[in-house]
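Below is one structure; the comments refer to it alone.
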2 protein chains.
Amino acid sequence: MESSTAPGGRTRREATRQKLYEAAVTLIAEQGFSATTVDEIAERAGVAKGTVYYNFASKSVLFEELLRHGVGLLTASLREAVEDTARNGGSKVDALDAMIRAGLVFMDRYPSFTQLYVAELWRTNRAWQSTLMVVRQQAVAVVEGVLREGVDNGEFSAEIDVQLTAAALVGMVLVAALDWQAFQPERSLDDVHSALSRLLQGRVSGRP
Amino acid sequence: MESSTAPGGRTRREATRQKLYEAAVTLIAEQGFSATTVDEIAERAGVAKGTVYYNFASKSVLFEELLRHGVGLLTASLREAVEDTARNGGSKVDALDAMIRAGLVFMDRYPSFTQLYVAELWRTNRAWQSTLMVVRQQAVAVVEGVLREGVDNGEFSAEIDVQLTAAALVGMVLVAALDWQAFQPERSLDDVHSALSRLLQGRVSGRP
DNA sequence: GTTTTTGAACTGACTGGTCAGTGCAAAAAC
DNA sequence: GTTTTTGCACTGACCAGTCAGTTCAAAAAC
C-alpha cells in the first residue's frame, strides 16, 4: 500500500483534506460550527458530500483536526520568532515583541481561523473542549516560557504573574488584530505592531 | 383593563422577559446561538415555548435584545467608574485603572454574557451584526474618550493610537478575565486586577 | 487492480415558528 | 355585590422544513 504523492509531495488525500479545511474554516468563522452544514463545506471545497465522510469520521472530527492543524502553525511561528531573537542576542522584551509581530502576521494571513478560534475557545460543554484546551496551552506556553525566563534572568520584575500576564498579552494582540481587521483594515501591520509595542513597553503615559 | 404589576412594580411581562434573558444567556454562552434551541430556553426559563414567541418576535430578536441589555449594563458601569475617579481628582491612568476594575467586576458577575459577547463579536454575515457594532462602539468609546482626554492634557504621549490602544486594552481585560474564570477561578479579583495594572503601567520590565 | 471520489437517494431525528385555545384578574354591567 | 365581559399572558400540540449521517454502484485517478 503506497500513497501516491502529488507534485508537492502531498498525497492526493492530503490535498483533499486541505481543501476541506480551507472551506470549513471560512464558513465556520462566518456562521459558527452549528450553523454551517456539511453540504456547504463540500460545495465550497468543490467535492462531493461523500468525500467529506470518506476523509473524516464526522463533522466534529473535521473541526477538531482543523483546530489542531491551525494552532500547530501558530505555535511553530511563535517558537520560531523566539528562537530568532535568541540567535540575534535580543532581550526577552525583544522576544515578546517578535511574538507580537508573529501573532499579527499569523492573524493577518489566517483571519478566519483566528475568528473561529476566539469564538470557540471559552465555550463550555462542547465535544472538542479538551482538544481546544490542549492546543491553547501549547501556544500560550511559548509566551509563558519567555516571561519565566525573563523573570529568572532579572529582566522582568519577580512580582509579575506569569500566567495572567501571558493571557493578557495574548488577549491584547488577539483583540487588537481582530479590531484592526474588522474596523480599520486599511491600517498597516507595522502601525498595529507599533501601537502594541508601545503598550507593552509602558510608553503610553509620559514621554519617549 | 390594567396591566397587572408584580410586587416589584415590574409588569408580569417584564419578569418573564428577564427569566428568558437569564435562561438564554447561559445556554448560548455554553453552546452558541445556533446550537441552542428555543425549546431549551423555554424549558430553562420555566415557561412554554409559545411564551417565548409571545414576548419576542423571533429567536434572533431575543438574542439582539439580550445583547443590548447586557452591553448597556457594562457601559453604564464603565462610565460610572470614570466619573468616580474624576470626582476624586484622579488622573487619567487612574480612570483607566478604575475601568479595568469595573470591567473585571462586570465579567465576574456576568461571565456567561462575556463569553457570549466574545464569541459573537467578530463573526460576519450574521443577522445581528449591526446591533453588535453599535453596542460595541458604545462601550469602547468610553475607553477611547479617556485616552483622548489624557492625550489632550498631556498625560499620555501624543503618539499613541487611540483606537488601537483602546481595543488592545479592552482585549487585555477581556481575555485575562476569561482565562481567569476558565483556568484559575480560585484567584481573587484583586490578584487579576493588580496583574493588569502592572501591565498597563509598564511595570513589567525593571523594578518597582 | 487498488484507492479515492462521485453523486444522488434516503432516513430519522430535530427545530423554528404557528395557532387555537385556556386561565384569570380587573372592569363593566346589572 | 353578583354576574358578565374583556383582553393580556401564556400554553403546548402540531407542522413544514432542515440537516447529519448512510449507502452504494459506478467512475476516475493512480
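The values are calculated or read from the model by the stated rules, or taken from the named source; none is laboratory data. Just so we're clear, the structure is a prediction, and the values are computed from it rather than from any experiment. Reconstructed Cβ throughout: ideal geometry from the backbone, glycine too, with neighbour counts over all protein chains shown. Surface accessibility is based on the protein's heavy atoms, side chains included, excluding ligands, DNA and RNA. Shrake-Rupley method; radii C 1.70, N 1.55, O 1.52, S 1.80 Å.
What are the residues in segment A:54-67 that are surrounded by fewer than 17 Cβ atoms within 10 Å (Cβ to Cβ) and among the aliphatic types (A, V, I, L, M), if any?
Of everything in segment A:54-67, those that are surrounded by fewer than 17 Cβ atoms within 10 Å (Cβ to Cβ) and among the aliphatic types (A, V, I, L, M) turn out to be A:A57, A:V61.
Taking the condition of being open to solvent by 40 Å² or more (accessible area, probe 1.4 Å), over 20 Å from A:D84 (Cβ atoms) and touching a Lys or Arg at 6+ places or on another chain (Cβ under 6 Å), how many residues in segment A:140-165 meet it?
Residues flagged as open to solvent by 40 Å² or more (accessible area, probe 1.4 Å), over 20 Å from A:D84 (Cβ atoms) and touching a Lys or Arg at 6+ places or on another chain (Cβ under 6 Å) within segment A:140-165 amount to 0.
Considering B:G50, B:G70, which residue is within 21 Å of the chain's Cα centre (by Cα) and either more than 14 Å from chain A (Cβ to nearest Cβ) or open to solvent by less than 30 Å² (accessible area, probe 1.4 Å) (or both)?
B:G70
Take segment A:89-128 and flag every residue that is among the small types (G, A, S), open to solvent by 30 Å² or more (accessible area, probe 1.4 Å) and within 14 Å of another protein chain (Cβ to nearest Cβ).
Across segment A:89-128, the qualifying residues are A:G90, A:S91, A:A127.
What is the number of the single condition among (1) small (G, A, S); (2) more than 14 Å from chain A (Cβ to nearest Cβ); (3) touching a strand residue (DSSP E or B) at 6+ places or on another chain (Cβ under 8 Å) that B:A86 does not meet?
(3)
Would you please name the residue that is nearest to B:V105 (Cα to Cα), looking only at residues in segment B:59-91 that are polar (S, T, N, Q) and either touching a residue at least 60 places away in the same chain (Cβ under 8 Å) or in the same structural domain as B:A15 (by TED's automatic domain parsing) (or both)?
So, considering only residues that are polar (S, T, N, Q) and either touching a residue at least 60 places away in the same chain (Cβ under 8 Å) or in the same structural domain as B:A15 (by TED's automatic domain parsing) (or both), the one nearest to B:V105 (Cα to Cα) is B:T75.
Taking B:Q137, is it surrounded by fewer than 18 Cβ atoms within 10 Å (Cβ to Cβ), farther than 15 Å from B:A98 by Cβ and either more than 8 Å from every other protein chain (Cβ to nearest Cβ) or in contact with a strand residue (DSSP E or B) (Cβ under 9 Å, 6 or more places away or on another chain) (or both)?
yes
Restricting to segment B:1-30, name every residue that is at pLDDT 50 or above, open to solvent by 70 Å² or more (accessible area, probe 1.4 Å) and more than 9 Å from DNA strand D (Cβ to nearest atom).
B:R10, B:E22
Assess whether B:V135 counts as being of a type in the set (V, I, T), within 28 Å of A:V140 (Cα to Cα) and within 20 Å of the chain's Cα centre (by Cα).
In short, no.
Hey, B:E40 hits all of (1) without any contact (Cβ under 8 Å) to a residue 40 or more places away in the chain; (2) more than 15 Å from DNA strand D (Cβ to nearest atom) but one; which does it fall short on?
The number of the failed condition is (2).
Take B:L78 and tell me if it is within 28 Å of B:A177 (Cβ to Cβ) and either surrounded by fewer than 14 Cβ atoms within 10 Å (Cβ to Cβ) or within 12 Å of DNA strand C (Cβ to nearest atom) (or both).
No, not satisfied.
Looking at segment B:179-192, can you tell me whether even one residue there is open to solvent by less than 20 Å² (accessible area, probe 1.4 Å), closer than 17 Å to B:I100 by Cβ and among the hydroxyl-bearing types (S, T, Y)?
No.
In segment A:53-67, which residues are within 14 Å of another protein chain (Cβ to nearest Cβ) and either farther than 30 Å from A:E144 by Cβ or more than 8 Å from DNA strand D (Cβ to nearest atom) (or both)?
A:K59, A:F63
Conditions: (1) loosely packed, with under 14 Cβ neighbours inside 10 Å; (2) more than 25 Å from A:Q115 (Cα to Cα). A:A86 meets all but one. Number of the miss?
(1)
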